[in-house]
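The values are calculated or read from the model by the stated rules, or taken from the named source; none is laboratory data. Worth saying up front: this structure is predicted, and the values here are computed from it rather than measured. Cβ sites come from the backbone with ideal geometry, for glycine too, and all protein chains shown count toward neighbours.
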Amino acid sequence: MKKLVLALPLMALTAGCVELGMAPQDTTPEMLASWDTAVASVGCSLVSEVDYLPVELQTGLPREKVIEIAQYKVAKGEAVSLDNGGVRSVIGTCTPPAEPAAAPAVQS
C-alpha cells in the first residue's frame with residue numbers, strides 16, 4: 001500500500017507537467033522524434049492495438065511512455081484527440097492538407 005501512496009503524487013506531477021506543455025519526465029528529444037516517425041509510419045493515428053504495437057516496437061518505448069508522449073503532443077498542439085479516444089499527429093508528414101481557398105466570386 002505504501003508503494004501505491006508514493007506513486008500517486010508522482011503520477012499527478014507527471015500529469016501536471018503534460019498539462020503545462022512540459023515534456024514528460026525522462027523523455028529525451030530523441031524519444032519525441034522517434035515517436036513522431038513511428039506514429040507517421042502507422043498512418044498518423046494511435047487508436048488501437050494495431051497502431052500502438054508497431055509504435056512501441058519502433059521506438060523501444062513502453063505503452064505508458066507512448067501514451068505520455070501522445071498527451072504531451074496534444075497539449076503542445078502537435079496532435080489532436082480523436083472522437084474514438086485515439087490521438088492523431090498533425091505535424092511533419094502528418095500535417096493535414098491546407099483547405100483550398102474559396103474562389104473569388106465572379107461579377108458580371
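Yes or no, residue by residue, for (1) farther than 22 Å from Pro24 by Cα; (2) touching a residue at least 40 places away in the same chain (Cβ under 8 Å); (3) exposed (fewer than 13 other Cβ atoms within 10 Å of the Cβ); (4) out of contact with any Phe, Trp or Tyr (no Cβ under 9 Å at 6 or more places or on another chain):
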site	(1), (2), (3), (4)
Val55	no, no, no, no
Leu82	no, no, yes, yes
Pro96	yes, no, yes, yes
Glu99	yes, no, yes, yes
Considering each of Val50, Val66 in turn, give the residue that is farther than 21 Å from Thr28 by Cα and either out of contact with any strand residue (DSSP E or B) (no Cβ under 6 Å at 6 or more places or on another chain) or touching a residue at least 60 places away in the same chain (Cβ under 8 Å) (or both). Val50
For Leu46, indicate whether it is under 14 Å from the mean Cα position of the chain (by Cα) and modelled with pLDDT of 95 or more. yes
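Of all residues in region 32-53, which are on the phi > 0 side of the Ramachandran plot and either surrounded by fewer than 19 Cβ atoms within 10 Å (Cβ to Cβ) or part of a helix (DSSP H, G or I) (or both)?
Gly43, the sole residue that qualifies.
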